[in-house]
């Protein structure tokens with residue numbers, strides 16, 4: 001119960017930031033160009049700094065073992081999500097099917113998951129989350145792009161987007177740091193620390209501004225409830241059940257289940273726009289999943 005209360009409080013903080021972004025966009029304090037700039041800064045600077053900061057911790061051998069286990073679990077979770085999405089939504093029209101399958105596969109581990117685990121567990125939580133996110137990013141830019149591009153001839157995602165995006169580069173750099181352990185200047189550590197502290201408010205303000213484009217009545221359109229239930233309830237419960245059977249430790253279960261139960265990734269909207277899929281469905285499902293996650297994430301933590 002205490003853990004659920006902590007998670008709920010941290011979610012309230014994050015969604016207060018979300019509300020600020022939502023209001024600022026509606027009042028035109030943040031422009032469309034501003035949204036692009038905020039999003040670019042968060043993805044290319046703030047989140048990589050947060051990831052790098054998490055790798056500067058003094059880690060025990062047990063932490064390393066947990067990280068390897070999480071990497072394997074995350075890969076298995078992506079395969080499971082791919083299979084569930086394919087099984088449940090294969091009969092839908094192509095424009096909707098790509099949105100639904102992508103939404104089942106990719107959760108918002110980055111914008112919501114990293115700040116949330118930072119608030120709950122501190123830098124160690126970010127370290128574990130950063131490891132868990134790695135397979136998620138690979139599947140996003142490989143299987144995820146394939147889902148949309150198979151119905152859009154000639155549109156393929158370059159391999160460099162998988163291997164060389166800033167968050168992945170931060171993971172590689174952090175891994176090298178763990179191996180060689182160089183003494184970093186205090187200036188670098190302070191800069192990483194201070195930018196990391198900006199990540200949660202900036203990411204959620206940006207998310208609020210992005211989702212302010214969606215009309216609330218659109219959340220009641222067909223198929224929205226199905227993908228939101230799959231993303232927020234079905235998949236995390238499946239992962240929880242499997243990890244219980246495998247007798248995984250409490251920290252591994254918490255990180256895996258909570259990150260699996262994050263809302264839909266914002267990128268589903270961008271992908272739908274780029275590949276001419278159902279943008280209305282993507283936006284409505286993303287907004288509803290964000291709103292309902294305030295309830296579902298604490299409930300998931302309560303059963304862990």
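Number of residues in the stretch 1-16 that are farther than 23 Å from residue 133 by Cα and surrounded by 15 or more Cβ atoms within 10 Å (Cβ to Cβ) equals 0. Just to be sure I understand the filter: pairs with C-beta atoms under 8 Å, separated by 6 or more residues or on different chains, first member in the stretch 251-265 and in contact (Cβ under 8 Å) with a residue 60 or more places away in the chain, second member buried (at least 24 other Cβ atoms within 10 Å of the Cβ) and assigned to a strand (DSSP E or B). Which pairs pass? If the second residue must be buried (at least 24 other Cβ atoms within 10 Å of the Cβ) and assigned to a strand (DSSP E or B), the pairs left are 259/107; 260/107; 261/107; 262/107; 263/107; 264/107; 265/107.
Here residue 44 fulfils each of the conditions (1) farther than 16 Å from residue 172 by Cβ; (2) in a helix (DSSP H, G or I) apart from (1).
For the stretch 26-35, the set of residues classified as surrounded by fewer than 15 Cβ atoms within 10 Å (Cβ to Cβ) and touching a residue at least 12 places away in the same chain (Cβ under 8 Å) consists of 26 only. When 86, 50 are checked against the criterion of being surrounded by fewer than 24 Cβ atoms within 10 Å (Cβ to Cβ) and either within 21 Å of residue 226 (Cα to Cα) or in contact (Cβ under 8 Å) with a residue 12 or more places away in the chain (or both), 86 stands alone in meeting it.
Per-residue answers, yes or no, for (1) farther than 30 Å from residue 13 by Cβ; (2) without any contact (Cβ under 8 Å) to a residue 40 or more places away in the chain; (3) surrounded by fewer than 19 Cβ atoms within 10 Å (Cβ to Cβ):
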| residue | (1), (2), (3) |
| --- | --- |
| 37 | no, yes, yes |
| 40 | no, yes, yes |
| 56 | no, no, yes |
| 74 | no, no, no |
| 77 | no, no, no |
| 81 | no, no, no |
| 115 | no, no, no |
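Within the stretch 1-25, residues that are on the phi > 0 side of the Ramachandran plot and part of a helix (DSSP H, G or I) reach no partner that is crowded, with 16+ Cβ neighbours inside 10 Å and at pLDDT 80 or above with beta carbons closer than 8 Å at six or more positions or on different chains.
Please determine whether any residue of the stretch 102-114 is touching a strand residue (DSSP E or B) at 6+ places or on another chain (Cβ under 6 Å), part of a helix (DSSP H, G or I) and under 25 Å from residue 199 (Cβ atoms). Yes. Looking at this structure, is residue 66 under 20 Å from residue 252 (Cα atoms), within 16 Å of the chain's Cα centre (by Cα) and modelled with pLDDT of 85 or more? No.
The values are calculated or read from the model by the stated rules, or taken from the named source; none is laboratory data. These numbers were taken from a predicted model, which means no experiment stands behind them. So basically every Cβ, Gly included, is an ideal-geometry build from the backbone, and we count neighbours across all protein chains shown.
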